[in-house]
Structure formats: C-alpha cells, structure tokens
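Working notes for the structure below.
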Number of protein chains: 2
Amino acid sequence: MAGKKQFDMETALDAAMIQFWRAGYADTSVDDLSRATGLNRSSIYSSLGDKDTLFLRCLDRYAARYGEKYDAALSCAASDLLTAVRAFFDVTLERIADPELPDGCLVAQSAMAIPVLSPSVAAHAKEALGFQRLRLRAALKAGRLTDQDAEAFAEHVAAVNQSLAIMSRAGASPAQLLAIVGVTVDALSQALRTRE
Amino acid sequence: MAGKKQFDMETALDAAMIQFWRAGYADTSVDDLSRATGLNRSSIYSSLGDKDTLFLRCLDRYAARYGEKYDAALSCAASDLLTAVRAFFDVTLERIADPELPDGCLVAQSAMAIPVLSPSVAAHAKEALGFQRLRLRAALKAGRLTDQDAEAFAEHVAAVNQSLAIMSRAGASPAQLLAIVGVTVDALSQALRTRE
DNA sequence: CACATCTTGAACTGATTGGTTCAAGATAGG
DNA sequence: CCTATCTTGAACCAATCAGTTCAAGATGTG
C-alpha cells in the first residue's frame, strides 16, 4: 500500500498527543507512538519528526486547541465574570469527564517534568501556563475586579485549574473536582459582591 | 574500604528521595541513583532494594516526613483554624523556598504519573493524597466549619496545595505562590466570618 | 596476625531506547 | 501498461536500561 498518503495527519497527531498526554514524555517510546498512531516507525520520523519535535508539536497542538476553548469560555467576562470563570473551569471538567481522553493535562504534566525536559520543550510548557494566566488576568480585569484582585485571582484560578489535573489522575470523582472549583467560584462571587 | 557500613542509610535514602523528587520515577535510572547516593550499583540493590522497592521507600519516607509537618501545622485548628491552614500552606511554601530541595512535590509528581506506575506505587501515591484530605477534613471540622463546608474546603485546600507543586516547577515566584494560597485563605476567612 | 564481614568496582546479561537505512511493494498519473 | 512516487516492514546501530554476579580489597574483631 502506497502512492498516496495512507493516513490522516490530523488523526495521527491526535493519537500521538493522546499517547504523550496519558503516559508523559519520558514514559512514551517511539514504539508506543508507532502503536498509538498505527504508523510505521519510519513513517513517524519522515512525517512527524523525531520524538522531541513530535512532542513539541503535540504540546502546541494541545495548547492551541484548549486555549481556544478557554478563550471562548472567558469571552463573556465583561458582562458576567462569574459565569465566565465557571465556564473556564467547565472546559477542564468536561475534558476530564470525556472518557475518550486521558485524565490530567498535557501542559500540567509537562510543567511537572520541566527539570528533565529539553529547554525548548520546557519553554513551550512555561509559555502555555503563562498564556493561561494572561488570559485570566485580562478576563478578571474586564470583570469588576480591582487590578490587585485580578492578579491574585488569575494566579489562583490558573493554579486551581492545574490542580484538577493532579486530582483527576489520582482518581478524584467529578463531585470532588466540583468541590475544588466551588470554593474558588464562591470566593470570586464574594469578591464581586463586596465591590458592588 | 569495607568491614563496617561505609555509608549512612538515612543520608543515602534522602539522596535517593531527592533524586526521584527532582526527576521523577521514569527519568531516574539506577545509575542516577548510584551517582546521587554515592553508593555503588550493587550496594544499592543489596542495601536499598531494586528501583521499584526503593522508590516506594522514598515515597513513604517523603509522605511520613512532610505528613508530620502538616499534622503539626494543623494541630491548632480547633482554636484557630485560619492560622492552622496558613501554617499548612507554609509547610509547602517553605519546602519550595528551600534551595536544598527540588521544587514540586514527590506525591504530586507520582500522582501525575499514576497511569504508568506499578499498581503498588500508584496505590501509595493515592493513599498519601487521601491521607492529606483526611487530615484537612478533620482539622476543618475541628474548626468552626459545617460538615459540608469542611468537606469542600478539604478537597479545595488539598488541591491548591498540590497546585503549588506544578506552579513552582514552572518557575512561579514566591509572590505568585502566595497569591494562589491567599485567595483560599481569604475564602476560608470569609466562610468563618459568616458563621460567627 | 588472621579471620570473618562487608563494600566495592567491574563485568555481564538480555531487553529496550532513539534513530537511521533500504529493498520491496502498492498506488496514481501519464 | 509503465513509471515515478510514496509507504511499509524489517533490519540494523550504538547507547542505555534494570538487574545480577563475583573476585578483589578494606576493615574491625578476636
């Protein structure tokens, strides 16, 4: 079988992304990637690059895909900040609830592995986390929070969001995850109420 | 050199623990452990067991050591819950601030790697996280929180505490980490105030 | 001094790692 | 039908992995 592309690049990249997402960089071998994508070993190198390059592409793919969703969730921040932040967390909660996808978060996992990742991969992971904070800071300022509160809440919400990755990996139930974000949402609600 | 023990077991275990803590299970080879402990390869197997056994010992060691500190921090929960929770977070923040120790948290890192860890190691990691929640739940109930609030805050505080591991790995500053826990502490303070 | 005890370094096994190469074969366009 | 193009599987490489074994040597005790 040959002549034309035998596989769909997007599907293959998704499969590789999910493999990295589930097992992490260190615990994913090129053979694992071959099995996950259904692609031949040599096809991976010729079409997707070496392990490092491919991981970078998957990380960026992940950040772009869910970054868009987070952006969309926060788009109503100016008119209804509380709903926006709830929607922000929902992006994560729904992703975790999806049985097709691994638990956790590729960015969180990569951040955790930074001391043993290549500099460029580490930089991309940091960048993805930093972008998340920027997103949140902008949304919180667009809401009715003071600059100081917006900064603090941006750090907090980003951190709580990442904590869902750890907790879901450890087998936390949807109810437990909801309790985690609930306290944060209540705190935000309270902060908004006192400033009315 | 021989005849009597040439190395201090406690020092060696600490060195191994720190190596796992920094690089994680998958990214730590037995040679790394040999280098970190200063022990010979064969000494590791004869004195500390194989990689899996040693990792388990390090994980338990870590959980016991910091578990005690968390317990001590929460001991004043009944009389002053807010101070207790602040002290709880301080255990983590001080550990992160210690330049002798890696950033992050061995338990958080192990939890994140659960899908690729051996069942027994995964169980210990889950157990450590579960114990943390029990600790917190007991403390929050001993304070003046309702059962419902205590449950939710226990999940939340445990999660935020773990999030510090991710954020510190990604290079968050002490001020950023403080902002993260600040929102939680404020929320707890608020919850206590409304119930007075 | 001599013995028993323990550590050490080094060698070794078999499996797996990331990475590369290439002949064989299947296909599409001419 | 023929040819140029591409994928495929398999083999190969050097390096590293976890794990084991053992002779050599150093030590404290008797």
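Every number in this text was worked out from the coordinates using simple rules, so none of it is lab data. Quick caveat, the model's predicted, so the values are computed rather than measured. Cβ atoms come from the backbone with ideal geometry, glycine included; neighbour counts cover every protein chain shown.
Here are the numbers:
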{"read-out": "Rounded Å value of the spacing that divides the Cα centres of segment A:75-122 and segment B:146-164", "value": "19 Å"}
{"read-out": "Value of relative contact order over segment B:9-194, rounded to a whole percent, pairs C-alpha under 8 Å and six or more apart", "value": "22 percent"}
{"read-out": "In segment B:42-136, the GluC sites (Glu not before Pro) that fall in loop regions by DSSP, at most 12 other Cβ within 10 Å", "value": "B:Glu100"}
{"read-out": "Test item: Cα-centred dipole of segment B:60-196, Lys/Arg +1 and Asp/Glu -1 on Cβ, debye", "value": "160 debye"}
{"read-out": "Prolate/oblate/rounded label for the protein assembly as shown (Cα gyration tensor, a/c 1.5)", "value": "oblate"}
{"read-out": "Helical segments meeting 18 Å axial Cα length and Kyte-Doolittle -0.5 threshold in chain B (DSSP H)", "value": "B:9-23, B:81-97, B:119-142, B:147-169, B:174-194"}
{"read-out": "Packing-based exposure ordering (other Cβ within 10 Å, fewest first) of A:Met112, B:Met17", "value": "B:Met17, A:Met112"}
{"read-out": "Percent of Cα-Cα distances greater than 22 Å, calculated over segment A:54-196", "value": "38 percent"}
{"read-out": "Listed pairs B:Lys69/B:Lys141; A:Lys51/A:Lys126; B:Lys51/B:Lys126; B:Lys69/B:Lys126; A:Lys51/B:Lys51; A:Lys126/B:Lys69 exceeding 22 Å between Cα atoms", "value": "A:Lys51/B:Lys51; A:Lys126/B:Lys69"}
{"read-out": "7 Å along Cα→Cβ, label-point gaps from B:Ala64 to other copies, nm, shortest first", "value": "5.0"}
{"read-out": "Dipole-positive endmost among B:Met112, B:Leu177, B:Pro102 within segment B:56-187 (Cβ charges, Cα centre)", "value": "B:Met112"}
{"read-out": "Taking segment B:95-196 and dividing mean pair separation by its residue count, relative contact order in percent (alpha carbons under 8 Å, at least six apart)", "value": "29 percent"}
{"read-out": "Within the protein assembly as shown, helix-based [θ] at 222 nm, where runs of 4 or more DSSP H residues each add -39,500 (n - 2.57), nearest 500", "value": "-24000 deg cm²/dmol"}
